[in-house]
Amino acid sequence: FNDDALVTDIQVEGNVAPASVTFDNSSKDFVLRGDSIIGDVILHKKGTGLLTVNSVNHLSKVNVNAGKLSVSNLANNQGTDWGALGNVNTRINLSDGATLELGGGLITDQVITISGGEATIEVPKSNTATLNKGILAGGSSSVLTKTGGGTLTLGAGNTFSKLVVNGGILNASES
């Protein structure tokens, strides 16, 4: 899916099992909704635009290489087996200045990594997000920026080298 698409509100009808799904959008924003993407599927988000995922999906890996990916539910060990980006074993990789927007009252046990320099976690005003496994970094110069007026809580195990808070509240614990 790219900026040449005529339709940007993607309604999945019936479970589909592609090898991978790529959104490479900069001038158009996309919404993914409906039934699930299932199987050993990798979701790639490229381009500076927005992708909002409003469906529950069975993904094996998520790579956000640019732009913003917005979700309001992720998997956890407290009863949500599958979320917008897979289950608790589905790794979410952020790189190259990508943003992950976490809406609602989200709690997750999914692993989120910064694999290329800088990444942003945005929690909109009046929203909360709890990342039980914290943020893991793949390099010694990784920067996490927290934006939005909401509250982000990071569990133990954070390995990023620099934290910038540009709005809202950040709670963190370290073991």
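Inspect the stretch 151-167 for any residue being touching an Asp or Glu at 6+ places or on another chain (Cβ under 7 Å), in a strand (DSSP E or B) and closer than 24 Å to GLY49 by Cβ and give the result as yes or no.
Our first condition is that a residue be touching an Asp or Glu at 6+ places or on another chain (Cβ under 7 Å); within the stretch 151-167, this holds for 156, 158.
Among the residues that remain, those that are also in a strand (DSSP E or B) are: none.
No; the residues of the stretch 151-167 include none that is touching an Asp or Glu at 6+ places or on another chain (Cβ under 7 Å), in a strand (DSSP E or B) and closer than 24 Å to GLY49 by Cβ.
Of all the residues that make up the stretch 53-62, how many are assigned to a strand (DSSP E or B) and surrounded by fewer than 21 Cβ atoms within 10 Å (Cβ to Cβ)?
Initially, the stretch 53-62 is screened for residues assigned to a strand (DSSP E or B), giving 53, 61-62.
Of the ones still in play, those that are also surrounded by fewer than 21 Cβ atoms within 10 Å (Cβ to Cβ) are 61.
Within the stretch 53-62, residues that are assigned to a strand (DSSP E or B) and surrounded by fewer than 21 Cβ atoms within 10 Å (Cβ to Cβ) number 1.
For the stretch 135-166, name all the residues that are charged (D, E, K, R) and open to solvent by 20 Å² or more (accessible area, probe 1.4 Å). Can you show your working first?
Our first condition is that a residue be charged (D, E, K, R); within the stretch 135-166, this holds for 146, 162.
Scanning the stretch 135-166 gives a single hit, LYS162.
Those residues that are part of a strand (DSSP E or B) and surrounded by fewer than 19 Cβ atoms within 10 Å (Cβ to Cβ), I need them from the stretch 69-91; list them, please. Steps first, answer last, please.
Taking the stretch 69-91 first, the residues part of a strand (DSSP E or B) are 69-71, 83, 86, 91.
Passing the criteria: only ARG91.
Take the residues in the stretch 25-36 that are under 15 Å from VAL64 (Cβ atoms) and of a type outside the set (Asp, Glu), then tell me which one is surrounded by the fewest Cβ atoms within 10 Å (Cβ to Cβ). Walk me through how you get there before you give the answer.
Filtering the stretch 25-36 for residues under 15 Å from VAL64 (Cβ atoms) gives 25-26, 29-30, 32.
Retained after the next criterion (residues that are of a type outside the set (Asp, Glu)): 25-26, 30, 32.
Details: ASN25: 23, SER26: 14, PHE30: 21, LEU32: 22.
Only one residue fits best here, namely SER26.
Which residues, counting only those in the stretch 100-124, are open to solvent by 30 Å² or more (accessible area, probe 1.4 Å) and in contact with a Gly (Cβ under 8 Å, 6 or more places away or on another chain)?
GLU101, SER115, GLY117, GLU118, GLU122, PRO124
Could you please give the count of residues in the stretch 8-24 that are open to solvent by less than 40 Å² (accessible area, probe 1.4 Å) and either more than 20 Å from the chain's Cα centre (by Cα) or acidic (Asp, Glu) (or both)?
The qualifying residues number 1.
Output the residues belonging to the stretch 8-21 that are closer than 19 Å to LYS46 by Cβ and of a type in the set (A, V, I, L, M). Reasoning before the result, please.
Taking the stretch 8-21 as the starting set, the residues that turn out to be closer than 19 Å to LYS46 by Cβ are 8, 10, 18-21.
Those that are closer than 19 Å to LYS46 by Cβ and of a type in the set (A, V, I, L, M): ILE10, ALA19, VAL21.
For LYS45, state whether it is charged (D, E, K, R), surrounded by fewer than 18 Cβ atoms within 10 Å (Cβ to Cβ) and touching a strand residue (DSSP E or B) at 6+ places or on another chain (Cβ under 9 Å). Explain how you work it out, then say what you get.
Numbers: charged (D, E, K, R): yes; surrounded by fewer than 18 Cβ atoms within 10 Å (Cβ to Cβ): no; touching a strand residue (DSSP E or B) at 6+ places or on another chain (Cβ under 9 Å): yes.
No: the conditions fail for LYS45.
For LEU94, are the conditions met, namely being crowded, with 17+ Cβ neighbours inside 10 Å, farther than 23 Å from GLY116 by Cβ and within 16 Å of the chain's Cα centre (by Cα)? Don't jump to the end; show me each part of the working.
Details: crowded, with 17+ Cβ neighbours inside 10 Å: yes; farther than 23 Å from GLY116 by Cβ: no; within 16 Å of the chain's Cα centre (by Cα): yes.
When the stated conditions are applied, LEU94 does not pass them.
Name the single residue that is modelled with the highest pLDDT among those in the stretch 118-144 being in a strand (DSSP E or B) and touching an Asp or Glu at 6+ places or on another chain (Cβ under 7 Å).
Checking each candidate, the answer is GLU122.
The values are calculated or read from the model by the stated rules, or taken from the named source; none is laboratory data. Computed from a predicted model, the values in this text were never measured in an experiment. Backbone-built Cβ (ideal geometry, glycine too); neighbour counts: all protein chains shown. Side chains are part of the model used for accessible areas, which takes the heavy atoms of the whole protein and leaves out ligands, DNA and RNA. Shrake-Rupley method; radii C 1.70, N 1.55, O 1.52, S 1.80 Å.
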